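The structure appears right after this line, and notes come after that.
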Amino acid sequence: MEKNNLKIKNYDSESRLFKKRVQVIFIFIISLALILIFRLIDLQWLNHSKYRNLALANQIEILPIPPRRGLIYDRNGVLLAKNEPVYTLTVTAEKADNVDETIKKVSEIIPISNQEFAKFQRIRKQYNAHQAMPVKYRLTEEQVAKFYVNQEKFPGAEIQADPRRIYPLKENTAHIIGYVSRISEKDLDRVDSANYASTQYIGKMGVEHSLEADLHGQVGYKEVEVNARGQAIKTLNVFEPSGGDDIYLTIDSKLQTKAIELLGKNAGAVVAIEPSSGQILALASTPSYDPNQFVKGIDPASYKKLQFSDKHPLYNRASRGQFPPGSTIKPFLALDALHEHVIDTNFEIYDPGWFKLPNSKHIFHDWAHYGHNRVNLEKAIIVSCDTFFYHLGVMMGIDRMEKTLRSFGFGTDTGIEDTLSESPGLVPSATWKEDYKGQPWYKGDSVLTGIGQGFLLTTPLQLAVATSTLANHGYEQPPQLILKSVRSNGKIDKPIMKPKKLVLDPNEDAWDTVIPAMEKVVTSYNPWGTAVRFGRHPKYRVAAKTGTAQVYRGKPKTLPDGTKLPRYWHHSLFIAFAPVENPKLAVAVVVEKNRHAEAQVIARKLLDYYLLDMKHEHS
Amino acid sequence: MNTLNNQGSLLLFKQSIIDRWLLGFTFLLACCGIAVLYSVSSHNLRVVNSQVIHFLLGFTVMIVFAQIKPEYFYRWAPWLYLVGILLLLMVPVLGETTNGAKRWLHIAFLRFQPSEIMKLVLPMMIARFYNDKPLPPSNMTNFIAVCIASTPILLTATQPDLGTAVMLSAAAGTIIFLSGLKWRTIAKVSIAGLCSVPVLWHFMARYQKDRVLTLLYPSRDPLGKGYHIIQSKIALGSGGIAGKGWLNSTQSHLQFLPEHTTDFIFSVIGEEFGLLGGVVLISIFLAITFRGFQICCQAQDAFARLLAGGLTVMFFLSAFVNMGMVMGLLPVVGIPLPLISYGGTSMITLMASLGIIMSIHNHRKLLSH
């Protein structure tokens, strides 16, 4: 280094300057050290008695008080999620003379199984001496009473009363409300940990998850004097927590329960919407599960059973299930075909029972083997003529159909995705097929799209929203699940109702063809309306469309007696709204793997229940 | 590293190759740290053992660094600096996130904070930069030095790791000051700095603002951040003049501080050993600092003395900022108490920096004449 810039550098003057600077810094550092020492004198000498009092005789401990979690109600104030106390037996090492001795004594009046004891031995290392260690959960009222009578015999043992979430309607609302369960480290990362200082549960699914911030509330705390052994002597100050918001859902718990009951052992979904408001009255998915077991802490075996069951009970079919809509798509295509003058109401085809594209050998069959003879649009909807819609599919082309279906809300989630984690479904297009399948769009694809098969996928929720748009004569009222929330100070927040969206002009003549045709699906004997299992004579006017969704293509495997194996059975679908003149309810029903058009029966019973039995409750 | 060849191998025995003052004080501090750790960790021998291992590792690193000629540090400085910057740039991409900040890199079996390495490399780089410039430096020279310093400082601050960024700034600032920066320039920069406080405030992260506000009004948030400061002051204050005695602290026992083995260990020292213990500890830090300055005054070229000065000041300021934070004088920034707080990374970096200072001392004779 010595060789550097010898000519310009003046080592002596540099060295003198440097030493001066070092002196300055050293003086600076001495003064910093003096500041520290003065501060120590201030804290440890001058104010020693103040801090000694705080620390030794009467230490102040700040104890968080958890806020009350907001309740969840249905639209009529029926409780869907509530809080109830549960009792836990705990032992605090610091306060017990001998932890094992205390537990042994307690077990004389409150039985503690070997399993519980083994679990306690496993977890006790995680606790500090002053922390209460849980020994036995879910004590009965009787056990609690017995404990308090003999409490002085058990040094260090205490009973904690914690609120626990209860879902009174169990399976019936599981997919909507979801559940809370114990907070994990991961959960704590995404919330303010100070606010969750004494919170034990956090929403994991459904409304409990998506509205966690509103339901949780703000933590409170109290300052207590504790003696050197950590026992509370006196409460100095209490800052009350403010409870979470109570949430009212648009769900009608009676209708919801009815929907689950009607679905019964089937795997399927029912969505019922009030068309005028877009409020979801029922959103049922079966099979379901009991959310209460997640609050208690589900054991791994039961969880596996739920997770790997072939009917997937944890899965919300109503918002996440993606099904080919089948013939239920026909009224939507028909409306647009008339609107765009692709055809008019007099347009007729002859249906021999099959359809063939020019220059192609492939035959597309109608569901009716011998065909429907001459068919116009009205008849095509009433008898659900496939051949007619094969023609229409080709005449409209995929671009037209894609635009129509998207305008009715298919292919994208309906906008309450944060609550129900919706699937978007799928509305295919030529570019989509190019991108994902690497193949061009064939006319044959349009043929299949015309009857709601092929690549097209919709969720029951989307079908219900689209049906409600039909009921509103072209106005789409975005669906809504939250009715209002009531804050702990009584202030009521209503979610902003999303504005109506015009899909198709209500003055359009097309409506006068399609809606009456949908009515005749139910009532007409000649031609033979397809909704025969719905029943021909409901006590209200109803517009409906049946559907059957083919899941497996190709030749199905059959049993020796000629019947198909269940996994080749088709899904049964049904959409309807009623009363036609003043629609109160729009429903979409999907029943998986069902040969008996069960969806029609469910829809009928649900509409009867709502429009006839519950009439006085909502009029 | 044939540092002693030209003087004969006898020197190895005649003159100790490590500075016995620095070594002695370092050893003393580490022993105090381990004793306190035993108390704080509720007699947890596993914690104590791993701290002993950290110390032994750090000790080895110190001895090794003490053998390297300062000339090598001079030669390597630019390359080390470039590598350091590259590592810092990798952090946002490959870093591990803990407590919302990305500070750690995981390469092969090594897990480390590139910003810690910068604590050694940045002083080297700036000292080298000034070495061949005529001192006192021109404004242009200073400007370039500030640019060299601000790159790693900004990268560290955005991780965010404000504590380390402050330490890097302190080291860089010290070296620039020692190089002979004009007082007038210092005055101008200070005024500009004061004026930019509101602007800085605007750019600070939410949690950083919280910490400053909490320092000013601890009762603002008694459950969260203010709680640490309140409890830390209670621990210190209740210690009194003579302290409660080793293993007798009651405040740490109640687990009032989440970081009582690391950043807040001084509050336990204050509680158990009182004012006397605190003053003794501060004196040991001062003694190490004094020795560091002595060595830097005896060094014969600008590089060595600037490097020794920067490292020494950074060492003391780490201690000052940590203790100031525990006493409620400074905002809570994550800086451990040198050689006492539990943790391997800071132990090894600090021992390495002491090793560099020793090396400057050991090799001074070889440079003269």
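Ordering A:LEU255, B:LEU286, A:LEU463, A:LEU188 by the number of other Cβ atoms within 10 Å of each residue's own Cβ, fewest first, gives A:LEU188, B:LEU286, A:LEU255, A:LEU463. Given a Förster distance of 45 angstrom, what is the FRET efficiency for B:SER138 paired with B:LEU213, based on the Cβ-Cβ distance and rounded to 0.05? Once the sixth-power term is evaluated, E becomes 0.65.
What whole number of Å gives the distance from the Cα centroid of region A:64-134 to the Cα centroid of region A:264-305? Measuring centre to centre over Cα atoms gives 30 Å.
The label-point distance for A:SER360 and A:TYR442, in a model that sets each label 7 Å from Cα toward Cβ, rounds to 0.7 nm.
Counting 0.36 nm for each residue step from A:ASN47 to A:ARG124 and taking away their Cα separation leaves a gain of 23.8 nm.
Computed from the Cβ-Cβ distance with R0 of 60 Å, the FRET efficiency linking A:LYS539 to A:SER193 stands at 0.55.
Take every pair of alpha-carbon atoms less than 8 Å apart whose residues are at least six positions apart; their mean separation over the length of region A:253-618 yields a relative contact order of 21 percent. Rounded to the nearest 0.05, what FRET efficiency is calculated for A:ASN83 and A:ASN507 with R0 set to 41 Å and r the Cβ-Cβ distance? Computed FRET efficiency for A:ASN83 and A:ASN507: 0.20. Contact order, relative form, for chain A: 13 percent (alpha carbon pairs under 8 Å, 6 or more residues apart, mean separation divided by residue count). The modelled label-to-label distance for the pair A:ILE65/B:ARG46, using points 7 Å beyond Cα in the direction of Cβ, is 3.8 nm.
Test of understanding: given chain A, find the longest segment containing no GluC sites (Glu not before Pro) that are in a DSSP loop and have at most 14 other Cβ atoms within 10 Å. Answer - A:341-580. Compared with the dominant principal axis of the Cα atoms in chain A, helix A:253-263 is inclined by about 60°.
Applying Stokes-Einstein at 25 °C and 0.890 mPa s to the Kirkwood radius of the protein assembly as shown, computed over alpha-carbon pairs, gives a translational diffusion coefficient of 71 µm² s⁻¹.
Using bins of 10 Å that start at zero, the share of Cα-Cα pairs per bin across region A:253-618 amounts to 5, 24, 34, 24, 10, 3, 0, 0, in whole %. Here's how it looks for A:LYS204: its modeled amide H is under 5 Å from those of A:TYR179, A:VAL180, A:SER181, A:HIS209, which are all 5 or more places away or on a different chain. Screening chain B for whole DSSP H helices with an alpha carbon extent of at least 27 angstrom along the helix axis and a mean Kyte-Doolittle hydropathy of at least -0.5 yields B:20-40, B:45-67, B:70-94, B:265-298, B:302-326. Dipole check for the protein assembly as shown: with +1 at the C-beta of Lys and Arg, -1 at the C-beta of Asp and Glu, and the Cα centre as origin, the magnitude is about 2420 Debye. For helix A:330-339, what angle does its Cα long axis make with the longest principal axis of chain A, in degrees from 0 to 90 and rounded to 10? In chain A, helix A:330-339 runs at an angle near 70 degrees to the longest axis. For chain A, the longest principal axis of the Cα atoms and the long axis of helix A:598-608 meet at an angle of about 80 degrees. Placing a label point 7 Å from the Cα of B:GLN294 along the Cα-to-Cβ direction, the residues of region B:20-63 whose backbone N falls under 17 Å of that point are B:20-29. Across the options A:LEU456, A:GLN439, A:ASN472, the greatest Cα extent toward the positive end of the charge dipole of region A:378-529 (unit charges at beta carbon of Lys, Arg, Asp, Glu) belongs to A:ASN472. When each of the peptides A:192-199, A:84-91 is scored by how many other beta carbons lie within 10 Å of its residues on average, the order from highest to lowest is A:84-91, A:192-199. Multiplying the residue separation of A:VAL551 and A:LYS170 by 0.36 nm and removing their Cα-Cα distance gives an extension gain of 134.0 nm. Only helices enter this figure: runs of n ≥ 4 DSSP H residues, each worth -39500 (n - 2.57), summed and divided by the residues of the protein assembly as shown, yield -14500 deg cm²/dmol at 222 nm to the nearest 500.
Basic side chains Lys and Arg get +1 at the Cβ, acidic Asp and Glu get -1 at the Cβ, and with that the dipole of chain B about its Cα centre reaches some 600 debye.
The stretch between A:GLU141 and A:SER277 holds 44.4 nm of extra length on full extension. This uses 0.36 nm per residue minus the Cα-Cα distance. Just want to confirm a number: the relative contact order over chain B, from Cα pairs under 8 angstrom separated by 6+ residues, in percent. 27 percent. Between the residues A:ALA588, A:ALA284, A:ALA531, the greatest Cα displacement towards the positive end of the dipole of region A:253-618, with unit charges on the Cβ of Lys, Arg, Asp and Glu, is found for A:ALA284. A dipole drawn for region A:63-245 from +1 and -1 charges on Cβ atoms has a positive end, and of A:ILE65, A:ALA96, A:TYR179 the residue lying farthest that way is A:ALA96.
Computed from the coordinates by the stated procedures, all read-outs in this text should not be read as laboratory data. None of these values were measured; they are calculated from a predicted model. Every residue, glycine among them, receives a Cβ derived from its backbone with ideal geometry; neighbour counts consider all protein chains shown.
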